[in-house]
Amino acid sequence: NAGVMQNPRHLVRRRGQEARLRCSPMKGHSHVYWYRQLPEEGLKFMVYLQKENIIDESGMPKERFSAEFPKEGPSILRIQQVVRGDSAAYFCASSPNGSHTQYFGPGTRLTVL
Amino acid sequence: AQKVTQAQTEISVVEKEDVTLDCVYETRDTTYYLFWYKQPPSGELVFLIRRNSFDEQNEISGRYSWNFQKSTSSFNFTITASQVVDSAVYFCALSEASRDDKIIFGKGTRLHILP
């Protein structure tokens, strides 16, 4: 059973470009969480999704950030018009229904030039 | 409000010494979960342990042990006979059943094991 997969592992964007981060949960997992880790900081919750639904986006900036988890395919975290402050590691985690253990992917490291 | 505090920002010990990483948490829930994760220099998050709020038994796994004390809201982590490979950032974290299990992380403790 493959673990949580994230791609790309590293992403470089120039200011103003868009960044798309993908997360494929573990097989059978229908819950996806996104977290952001700024340099030298702990991880902070951004958004929690179930298939086709956003359950909690209280940690996500109101502008430029969006997330989706379609019926088919990976979850996508999209950042429009990136700025230098968006440079961070973005981790995705998945869990099966009713479980309290989240399994983390390897992260995507976004660098904004 | 839920919160996780790791007061030790950085610790250095010589190899083979024992080291304890402190973690204090705040929550109003009666049902919650506590975690420790390791983040080595390669950057991935390695799950170490999960405890639920109803299980205060201390746990030992090889050189690792955890001391959960509800009375002081602490969940401390001890590495005995430390090794250089233990060098990493260690995060303590909390999730509450009433809050969709989103995990609240502490800021981490960077542990240096010196040869």
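The values are calculated or read from the model by the stated rules, or taken from the named source; none is laboratory data. Every value quoted in this text rests on a predicted model; they were computed, and no experiment measured them. As a convention, Cβ positions derive from the backbone with ideal geometry for all residues, glycine included, and neighbour counts pool all protein chains shown. Each accessible area value is taken on the protein alone, full model and side chains, heavy atoms only, with ligands, DNA and RNA left out. Shrake-Rupley method; radii C 1.70, N 1.55, O 1.52, S 1.80 Å.
The set of residues in the stretch A:40-77 being within 11 Å of chain B (Cβ to nearest Cβ) and either closer than 22 Å to B:G43 by Cβ or open to solvent by less than 20 Å² (accessible area, probe 1.4 Å) (or both) consists of A:E40, A:E41, A:G42, A:L43, A:K44, A:F45, A:M46, A:V47, A:Y48, A:L49, A:G59. Exactly one residue among A:Q37, A:Q80 is on the phi < 0 side of the Ramachandran plot, within 14 Å of chain B (Cβ to nearest Cβ) and in contact (Cβ under 8 Å) with a residue 60 or more places away in the chain, and that residue is A:Q37. Within the stretch B:97-111, the set of residues being open to solvent by 10 Å² or more (accessible area, probe 1.4 Å) and either touching an Asp or Glu at 6+ places or on another chain (Cβ under 7 Å) or free of Cβ contacts under 8 Å to residues at least 60 places away in the same chain (or both) comprises B:A97, B:S98, B:D100, B:K102, B:K107, B:R110.
Scoring A:T111 on the criteria (1) under 22 Å from B:G43 (Cβ atoms); (2) among the hydroxyl-bearing types (S, T, Y); (3) in a loop (DSSP other than H, G, I, E, B) leaves a single failure, condition (3).
Got at least one residue in the stretch B:66-73 being within 12 Å of chain A (Cβ to nearest Cβ), in contact (Cβ under 8 Å) with a residue 40 or more places away in the chain and part of a loop (DSSP other than H, G, I, E, B)? No; the residues of the stretch B:66-73 include none that is within 12 Å of chain A (Cβ to nearest Cβ), in contact (Cβ under 8 Å) with a residue 40 or more places away in the chain and part of a loop (DSSP other than H, G, I, E, B). Taken as a whole, the structure places B:T80 among residues that are open to solvent by 10 Å² or more (accessible area, probe 1.4 Å), among the hydroxyl-bearing types (S, T, Y) and in contact with a Phe, Trp or Tyr (Cβ under 9 Å, 6 or more places away or on another chain).
May I ask you to verify whether A:R84 is within 30 Å of B:R110 (Cα to Cα) and open to solvent by 70 Å² or more (accessible area, probe 1.4 Å)? So A:R84 passes the test. Are any residues in the stretch B:1-36 modelled with pLDDT under 95, open to solvent by 70 Å² or more (accessible area, probe 1.4 Å) and not polar (S, T, N, Q), and if so, which ones? Matches in the stretch B:1-36: B:A1, B:K3, B:R28.
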